[in-house]
């Protein structure tokens, strides 16, 4: 076979090599970029959705020894997880509103911003949820008013350790 017949087969199959890499992103696979971004958003939205359901269940079925301070913490946690869930699901909405894309880099940048802005309230909610859990758990184990202050300090440990490990990575 000659080279002309191979080129004709490539054209029939839709494999034209005349498109520039910028049209499909830096790696040339546009569907892979979309898929990766949407899967990341789906995982984070699922996690925040489960956390929202858990906190909503606590707010509906409050324990009998729920203090005013615990109610404020729960209210803040519900608000922050609502913001997190909304922001983390935005890449999926943006995908459906803007499809088909003219610029993959613009889509990646906007989706990245939604995910970054959504992780801050997600981490705040994780801290507040851990704080509520530790307050109740430590009260069951130790009957002392000082225990509540320990709960605030113990709740910070996972986030500080993740930050330290992040900074020490190579």
Tally time: how many residues in the stretch 91-107 are closer than 15 Å to residue 39 by Cβ and under 15 Å from the mean Cα position of the chain (by Cα)? 2
Quick check on the stretch 24-36. Is at least one of its residues surrounded by 15 or more Cβ atoms within 10 Å (Cβ to Cβ), touching a helix residue (DSSP H, G or I) at 6+ places or on another chain (Cβ under 9 Å) and at pLDDT 80 or above? no
Residue 66, sole failed condition from (1) surrounded by 13 or more Cβ atoms within 10 Å (Cβ to Cβ); (2) more than 19 Å from residue 113 (Cβ to Cβ); (3) at pLDDT 90 or above: (3)
So residue 122 ticks every box in (1) buried (at least 16 other Cβ atoms within 10 Å of the Cβ); (2) under 24 Å from residue 42 (Cβ atoms); (3) free of Cβ contacts under 8 Å to residues at least 40 places away in the same chain but one. Which box is left unticked? (3)
All but one of (1) within 25 Å of residue 112 (Cα to Cα); (2) at pLDDT 90 or above hold for residue 74, so report the exception by its number. (1)
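The values are calculated or read from the model by the stated rules, or taken from the named source; none is laboratory data. Computed from a predicted structure; not experimentally measured. A quick note on method: Cβ atoms are made from the backbone with ideal geometry, for glycine too, and the neighbour counts reach across all protein chains shown.
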